[in-house]
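Written below as structure tokens is the structure these notes are about.
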Amino acid sequence: MAFWSSTSVFTSKVPRKILFMFTLSLSVTYLFYSLMSCYNSLQFPLQENYLYHGRLVTEETTFVTLREKLYSTSSQGYFDEELDERTATEQTTIVSTVKNNAGFEGRTAEWVRAQAAPTNSITAMHTAAMEREHQEFSTTDNELRRVVNCTSDYGEKKLPQAIIIGVKKGGTRALLEALRVHPDVRAVGNEPHFFDRNYEKGLDWYRDLMPSTLEGQITMEKTPSYFVTTNAPKRIHSMAKDIKLIIVVRNPVTRAISDYTQTLSKKPEIPSFEVLAFKNRTLGLIDASWSALRIGIYALHLESWMQYFPLSQMHFVSGERLIVDPAGEMAKVQDFLGLKRIVTDKHFYFNKTKGFPCLKKPEDSSAPRCLGKSKGRTHPKIDPDVIRRLHKFYKPFNMMFYQMTGQNFQWELEEGADSPSSRD
């Protein structure tokens, strides 16, 4: 009785409005902590369910990591939105309830009923969130696939792991275009000429020229003049000691005529091939300083490269076989680069007009893609005596090159022909 009498005295002295606000604040505080306790008890099992559900939907392990990162962010977003919605809704409900009830007992009864509401609200929202996530999985899969395939916008620019270093007019462009068909090869279209003309610009400049690559892809470039550049072996070695080097070689006599044909198309006023090839034709003195002939002394240039790189890091492609059997040569190149043999004979079509194989897509019937007009030019007629003398000049160097590489390219079989090849 003493307690109730003291309470009556207290309530009679304290305004009812202040007592009402005090009671309301206690109710809201208690409700808030109850909701947080309920939320924490549901949050962790719900997240585990999300992750488990995500793993059931996808069976392609390539996208698991990306999906889980994306999914965890989305799930947290749903949790935050639900918590904000529940807090705002339930606080509004409590305030409205208190205002509409006249007595303390009515407010207490209403508050008790409100305790059951959060659980039902959370369950309903959880179900809705799961349904939304389930419906969006297919869209997420497609978007992730587009991200993986779009290597021009995603990935990382790296220094090349393989370079086609030579030789000019040997078939380097044809080889590069065939390699670019492979999905695991990313290559620069133009020749960077970094190690012979632009070295002072630095490796950052060089790297920025490279296309973006994803994990497992190879970055490549081709600049045929590297093979005959004195400083190129040392410079490339200082960049990457384990880099792979590809050299496309061709009968040096045929290569020299092809080189001359290209220059003639740009400068029709130059002297004839026979004049340029000899210092003194009467004495038979060949001018080995002429670049068209000097490039073909392969053994001389290879010696510089072998001072920095073992033969195991070099692969020599026959320019002749690249024309008659492109799939066979491509199989060897793909093996050397550690790639799957994806580029096969189905990717080639021999163009009789140009005299070269052209690339095609085996999965459709579109027209084959051939090299530009600068490829497949008709060679000028060369004096057979000049060709014979050039074969004789190159023979000892070819023998040395065969011995250094451990491969016999059989260029001597063409000595009897008046013109080794009619096209460049």
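The values are calculated or read from the model by the stated rules, or taken from the named source; none is laboratory data. Keep in mind that what you see is a predicted model, and the values were worked out from it rather than measured. Virtual Cβ from ideal backbone geometry, glycine too; neighbours counted across all protein chains shown. In case anyone asks, the SASA skips ligands and DNA or RNA and just uses the protein heavy atoms, side chains included. Shrake-Rupley method; radii C 1.70, N 1.55, O 1.52, S 1.80 Å.
Observations, loosely collected:
- Close pairs (7 angstrom Cβ cut-off, 6 or more residues apart or separate chains): farther than 25 Å from Glu274 by Cα in the range 366-387, at pLDDT 75 or above and of a type in the set (A, V, I, L, M, F, W, C) anywhere: Pro368/Cys358; Pro368/Leu359; Arg369/Cys358; Arg369/Leu359; Cys370/Cys358; Leu371/Ala174
Every residue, every condition in (1) at pLDDT below 95; (2) within 39 Å of the chain's Cα centre (by Cα); (3) in a helix (DSSP H, G or I), yes or no:
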| site | (1), (2), (3) |
| --- | --- |
| Met330 | no, yes, yes |
| Gly338 | no, yes, no |
| Phe350 | yes, yes, no |
| Glu363 | yes, yes, no |
| Ala367 | yes, yes, no |
| Lys375 | yes, yes, no |
| Val386 | no, no, yes |
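- Exclusive hit being surrounded by fewer than 13 Cβ atoms within 10 Å (Cβ to Cβ) and under 19 Å from Gly406 (Cα atoms), set Gln313, Gln307: Gln307
- Every condition in (1) open to solvent by less than 10 Å² (accessible area, probe 1.4 Å); (2) in a loop (DSSP other than H, G, I, E, B); (3) touching a residue at least 40 places away in the same chain (Cβ under 8 Å) holds for Thr230 except the one numbered (1).
- Here Phe227 clears all of (1) more than 18 Å from His193 (Cβ to Cβ); (2) touching a strand residue (DSSP E or B) at 6+ places or on another chain (Cβ under 9 Å) except the condition numbered (1).
- Selection from the range 222-238 of residues that are hydrophobic (A, V, I, L, M, F, W, C) and farther than 16 Å from Met314 by Cβ: none
- Within the range 186-220, tally of residues that are under 14 Å from the mean Cα position of the chain (by Cα), under 20 Å from Met239 (Cα atoms) and either touching a residue at least 60 places away in the same chain (Cβ under 8 Å) or open to solvent by less than 30 Å² (accessible area, probe 1.4 Å) (or both): 10
- Exactly one residue out of Ala240, Ala232, Ala187, Ala256 is touching a Phe, Trp or Tyr at 6+ places or on another chain (Cβ under 6 Å) and small (Gly, Ala, Ser), and it is Ala232.
- Candidates in the range 268-312 are the residues that are touching a Phe, Trp or Tyr at 6+ places or on another chain (Cβ under 7 Å), in a loop (DSSP other than H, G, I, E, B) and not β-branched (Val, Ile, Thr); of these, the one that is nearest to Ile236 (Cα to Cα) is Gly296.
- Residue match in the range 396-409 (condition: part of a helix (DSSP H, G or I), at pLDDT below 95 and closer than 30 Å to Phe278 by Cα): no
- Residue within the range 277-287 that is open to solvent by less than 70 Å² (accessible area, probe 1.4 Å) and of a type in the set (Asp, Glu) present: yes
- Any hit, the range 241-253, residues being open to solvent by 10 Å² or more (accessible area, probe 1.4 Å) and closer than 23 Å to Glu200 by Cβ: yes
- Per the conditions (1) touching a residue at least 60 places away in the same chain (Cβ under 8 Å); (2) out of contact with any Pro (no Cβ under 7 Å at 6 or more places or on another chain), the sole criterion not satisfied by Val253 is (2).
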